[in-house]
């Protein structure tokens, strides 16, 4: 197995686990009331990009959900909601 298959970005992890990107990002960096959910060596920041090991996501958020490629509900929901998601600095 390729070692790069064991590492992913916050965006990829959020998509694979069905989580919001901010949830995974805050799990990496911690936030006002909580520290990082990951152990030392499970994540790494490269510039502004967090890199997360697959086993770390499994430990922190449980097994990766099985996605049915024929189930368009999540894809449709994401495409409908995405325009309404406010990004940092937007009003």
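Okay, here's what the table says:
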quantity: Selection from segment 1-19 of residues that are in a helix (DSSP H, G or I) and over 11 Å from the mean Cα position of the chain (by Cα); calculated: 3, 4, 5, 6
quantity: Helices (runs of 4 or more DSSP H) (entirely within segment 20-91) containing at least 2 residues that are within 16 Å of the chain's Cα centre (by Cα) and either at pLDDT below 60 or over 23 Å from residue 2 (Cα atoms) (or both); calculated: 21-29, 73-81
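The values are calculated or read from the model by the stated rules, or taken from the named source; none is laboratory data. A quick note: this is a predicted structure, and the numbers were derived from the prediction, not measured.
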